[in-house]
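The next block holds one structure in the form of structure tokens; read it before the comments.
Readers should treat all values here as calculations from the given coordinates under stated rules, not as data from a laboratory. On a predicted model such as this, the values are computed, not experimentally measured, just so you know. All Cβ positions, glycine included, derive from the backbone under ideal geometry; neighbour counts span all protein chains shown.
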Amino acid sequence: MAIRVTVLGCAGGFPGAGDACSGYLVEGGGTRIVLDLGPGVMANLQHHVDLADLDAVVLSHCHPDHWVDFTVLNTAFTYNLGRTEVPVYGTAETRERAEAVLGDLAPTWSWTDIADLDVIAIGGLEVSFSVTDHYVYTLAARVTDGDVAVGYSSDTGPDWSFAAFGAPIDLALCETTMRTDEEPDAVLHLSGRQAGAMCRAAGVGRLVITHLPPGADAAGHEAEAAEAFGHPVEVARTHAVFEI
Ligand SMILES: [Zn+2]
Ligand SMILES: [Zn+2]
């Protein structure tokens, strides 16, 4: 078995020109889910999957760069595709903000509030959640098909680790929002050095750094993360595909 991850957007905070914020299409076990729906993700998603074939949505936290395109996916599902009871898993805060924009989420969506340590089955995939070290209640995710596993840090500071899942992570999508020399101000995000060190300590197999802000020196982030990880790392780019 295998899991394929397609980056639908990976900019931290706001999208640069022509780009998109956080969103990842995860396919495995015959199931297709999207992890986060930041601004721009809705457009990029349709390059990679027919919207009618999307099985579920997972939203990690209520910061706008991680969920606001849910509001327009709702438009397509409700008025254009007539989809109903589509599973969506998100934090209670994210649900409250979605309801403030959209009103009642039923019947298009079947929303489940998620919390730390929850484990859910979505078709052929199992998704576990772990609360991170961030400004609002934020859940990292581990997605497995029972054979291999992908980890997604969402947004976190240095007081969280992929080790919290207590299970192997073959491929980690880990945020690196800051450069190492910005660490004193990087209270609840990670630098490349911090991401690399954390993933090394957690025994991550392969590290992809993501959530770099627009205009960031990607090569600088990559070098700092690789030095701390002890192996080469990859930098997420929109439309990149990772298979494990
Ligand atoms: Zn973010
Ligand atoms: Zn955030």
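Which value in Å does the Kirkwood hydrodynamic radius of the chain take, with 1/r averaged over all unlike C-alpha pairs and then inverted?
For the chain, the Kirkwood estimate is 17.6 Å.
The long axis of helix 92-102 is offset from the longest Cα principal axis of the chain by roughly 50 degrees. Legend: translational diffusion of the stretch 179-229 by Stokes-Einstein, Rh = Kirkwood radius over C-alpha pairs, 10 °C, 1.306 mPa s; D = 145 µm²/s.
Close amide H contacts of I122 (hydrogens built in the peptide plane, cut-off under 5 Å, sequence separation of 5 or more or a different chain): V127. The spacing between the stretch 3-28 and the stretch 71-148, judged by their C-alpha centroids, is 16 Å. So if the hydrodynamic radius of the stretch 1-78 is defined as the Kirkwood radius over C-alpha pairs, what does Stokes-Einstein give as its diffusion coefficient at 10 °C and 1.306 mPa s, in µm² per second? For the chosen part, D equals 129 µm²/s.
Can you tell me the equivalent ellipsoid semi-axes for the stretch 84-202? Use √(5λ) from the Cα gyration tensor, largest first, whole Å.
28, 19, 10
Protection proxy ranking for 141-151, 106-116, using the average of other Cβ atoms within 10 Å per residue and placing the highest first: 141-151, 106-116. Projecting label points 7 angstrom from Cα along Cα→Cβ for R4 and A167 puts them 2.3 nm apart. Relative to the longest principal axis of the Cα atoms of the chain, helix 192-201 runs at roughly 90 degrees.
Were the residues from D53 through D104 laid out at 0.36 nm apart, the gain over their Cα-Cα distance would be 16.0 nm.
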